[in-house]
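Input: a single structure, listed below in structure tokens.
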Amino acid sequence: MNQQTRKSLIIRAGRKQQFSPKELTLLDDKHKYTIGCSQNNDLVLDWLTILPTHFEIDCSSLQIPQNQKEFQNEYFKVLNSFYLEKNIIDKIGEFTITDEKNIKITDISGQKGLLSLINIDNQCKNQVLIKNNTFLVGLSSKLKVRQDNQIFGDFLDKEDLYEFTQRTQIIGLPQETKILFDQSFKKETTISYFQQKLKSKELENELNQLRLKNCIYLEINEKQSIQKYLLVENERNYFSLGRCEQSDIIFKSKQVSSRHGFIKYMDKNWIIFDGQPKSALDGKEQWLEGNINQELVMSKFGIWLEMNPRESFVLGNGQTVKYEDNELTIFWEK
């Protein structure tokens, strides 16, 4: 194969709003590179307050041919040397070529406590809400995924359902069921009334329809105050996040924007978005309508995914990673 350099990464790195670009050359015979402040790394960022060897990035995906011409230049001669027929080589090319480019990043610092963060930019792989993942909303409020992609029937069948509804706000329910569960959450009903009402003919149809609905269980942690939410799939499938009282999930911190973001159930996944539709700011559309097919205006402090140590995360072109006040934005295409 061609042993010349194919690509390079441009890392825009800095802290306290002072940034400078650094170039990392990618070689055909090397896919993993380390980043840190010590001199033994592939990319040395010694003016940052990151750990000596902080990140490892895997650029394997960038080395995969993106079109037929790249495949011919990189692989055709090698495969042809094995005396493979042209139609077989072409078939290999069909399965090899991809237009999806990304890199994988891992925090290998061994640091405990303070974690590195990945910015949620609304076009990334990290928006999917997965069990045990934690997101920083603003600067200090945390949203943790306790359970993902469960059916609502699992919660209805809980022996301690009444106690569960006393400590968990359930959002996305049809009208009659919503009234009962809201009463329980506000401590406005007794366990006997709750159980009796749950078995009533009045709620039978709604509960039967709810049983197979997808739901996600979330925990919000703000200054030692914990709120729990269960979001249930419905016709709208849109759940707003923010400081304003109209939000489905309400935050108290002033570092969370009034209309900070939202969660959408789509393509059988729960997806978190930062920002709000531009038309809502212009007064042309209600924020709570959940139209995401337009430009979103990002919140002031963003939404960030905590990087679990030694776990690899996918980064898109131009996505940002930070540790304390250090930020790295990684580009490989203009």
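Since every read-out is calculated from the coordinates, none of them should be taken as a lab result. From a predicted model like this one, the values you see are computed outputs, not experimental measurements. Positions of Cβ are generated from backbone atoms using ideal geometry, with glycine treated the same way; all protein chains shown enter the neighbour counts.
A simple spin-label model places the labels of Glu188 and Glu245 1.5 nm from each other, with each point 7 Å out along Cα-to-Cβ. For Val297, the residues whose modelled amide H falls within less than 5 Å of its own, excluding neighbours fewer than 5 places apart on the same chain, are Gln276, Lys278.
Full extension of the segment from Ser61 to Arg12, taken as 0.36 nm per residue of separation minus the current Cα-Cα distance, would add 15.6 nm. Residue exposure proxy: Thr177, Thr49, ordered by other Cβ atoms within 10 angstrom of their Cβ from fewest to most, comes out as Thr49, Thr177.
What the Cβ-Cβ distance of Gln175 and Lys268 gives, at R0 = 25 Å and to the nearest 0.05, is a FRET efficiency of 0.45. Full extension of the chain between Asp325 and Ile130 gives 67.6 nm of extra length, using 0.36 nm per residue less the Cα-Cα distance.
If the chain linking Lys199 and Arg236 were pulled fully straight, counting 0.36 nm for each residue of separation and taking away their Cα-Cα distance, it would gain 10.7 nm.
Among Arg310, Arg146, the order by Cβ neighbours within 10 angstrom, fewest to most, reads Arg310, Arg146. Here's the picture: a label point sits 7 Å out from the Cα of Leu156 along the beta-carbon direction, and within segment 202-238 the residues with their amide nitrogen under 16 Å of it are 202-216, 231-235. When segment 125-306 is described by a simple charge dipole with +1 on each Lys and Arg Cβ and -1 on each Asp and Glu Cβ, the residue from Leu136, Gly153, Phe164 located farthest towards its positive end is Leu136.
Report the label-to-label distance for Leu114 and Lys142 in nanometres (one decimal), using points 7 Å from each Cα along the Cα→Cβ vector. With each label point 7 Å from Cα toward Cβ, the separation is 1.5 nm.
Charge tally around Ile170: other residues with Cβ under 10 Å, Lys/Arg +1 each, Asp/Glu -1 each, net +1. Simple spin-label estimate for Lys30 and Asn208 gives 6.6 nm between the two label positions (7 Å along the Cα-to-Cβ direction from each Cα).
Any of Lys158/Lys264; Lys30/Lys142; Lys7/Lys112; Lys112/Lys264 with alpha carbons more than 29 Å apart? Name them for me.
Where the Cα-Cα span goes over 29 Å, the pairs concerned are Lys30/Lys142; Lys7/Lys112; Lys112/Lys264.
Net charge in the neighbourhood of Val137 (other residues with Cβ under 14 Å of its Cβ; Lys, Arg +1, Asp, Glu -1) is +3. Checking the Cα-Cα distances for Lys22/Lys131; Lys32/Lys131; Lys186/Lys322; Lys104/Lys144 against a 32 Å cut-off, the pairs over it are Lys22/Lys131; Lys186/Lys322.
Cβ crowding within 10 Å ranks His54, His260, His31 as His31, His54, His260, fewest other Cβ atoms first. Taking the Cα centre of segment 125-306 as origin and assigning +1 to Lys and Arg Cβ atoms and -1 to Asp and Glu Cβ atoms, the resulting dipole is close to 520 debye.
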